[in-house]
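Engineer: Sharing a structure here in structure tokens format.
The values are calculated or read from the model by the stated rules, or taken from the named source; none is laboratory data. Quantities reported herein were computed from a predicted structural model and do not represent experimental measurements. Every residue, glycine as well, gets a Cβ built from its backbone with ideal geometry; the counts of neighbours run over all protein chains shown.
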Amino acid sequence: MGSRYQYSQQAAWQTFPALAHNSAVLSDDPSSVISIIMRGGKMAVTKDDVTGLTMPDFGWRLDDKQLADLTTFIRNSWGNQAREVTADEVKKLRGMESTMKRKEPSKSNQPETGQTKP
């Protein structure tokens with residue numbers, strides 16, 4: 001288990017951004033962190049990274065207060081120090097369609113799957 005576990009640990013550290021001292025986590029505007037917890041996220045699929053890892057959304061499961069508490073916890077753990085997030089901030093974002101406009105991915109950077117679309 002030793003070397004395989006170490007490889008898995010190393011791969012995870014390279015794949016997922018650290019939450020400790022993360023500028024998005026510590027930002028004066030917590031909407032980015034709230035949004036990713038609420039709506040989830042997906043890494044880009046490229047020729048080099050074909051997995052497209054995802055983080056599930058939790059907005060359907062957490063009410064505004066719970067989501068605010070979780071965001072505040074993340075913003076104040078692992079050495080982080082940031083202001084408290086309120087349920088009103090979450091409610092405001094929940095009412096928005098999205099906190100960012102998503103672009104269609106560039107077809108030139110998509111992996112070759114050998115499949116054709118109908």
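Engineer: Out of (1) assigned to a helix (DSSP H, G or I); (2) surrounded by 12 or more Cβ atoms within 10 Å (Cβ to Cβ); (3) modelled with pLDDT of 95 or more, the odd one out for residue 84 is which?
Structural biologist: Residue 84 satisfies every listed condition except (1).
Engineer: Same structure, new question: Identify the residue in region 15-30 that is in a helix (DSSP H, G or I) and at pLDDT 90 or above and, among all such residues, is surrounded by the most Cβ atoms within 10 Å (Cβ to Cβ).
Structural biologist: 25
Engineer: Across region 63-89, what is the number of residues that are under 16 Å from the mean Cα position of the chain (by Cα) and touching a residue at least 12 places away in the same chain (Cβ under 8 Å)?
Structural biologist: Residues flagged as under 16 Å from the mean Cα position of the chain (by Cα) and touching a residue at least 12 places away in the same chain (Cβ under 8 Å) within region 63-89 amount to 7.
Engineer: Among the residues of region 64-80, which ones are closer than 16 Å to residue 27 by Cβ and touching a Leu at 6+ places or on another chain (Cβ under 8 Å)?
Structural biologist: 74, 75, 77, 78, 80, listed by residue number.
Engineer: Tell me which residues, restricted to region 33-54, are touching an Asp or Glu at 6+ places or on another chain (Cβ under 7 Å), in contact (Cβ under 8 Å) with a residue 40 or more places away in the chain and not hydrophobic (A, V, I, L, M, F, W, C).
Structural biologist: The answer is 39, and nothing else.
Engineer: Within region 31-73, which residues are assigned to a loop (DSSP other than H, G, I, E, B) and either among the polar types (S, T, N, Q) or touching a Ser or Thr at 6+ places or on another chain (Cβ under 6 Å) (or both)?
Structural biologist: Selection gives 46, 51.
Engineer: Based on what the data block shows, is residue 12 exposed (fewer than 10 other Cβ atoms within 10 Å of the Cβ), hydrophobic (A, V, I, L, M, F, W, C) and at pLDDT below 80?
Structural biologist: Yes: the conditions hold for residue 12.
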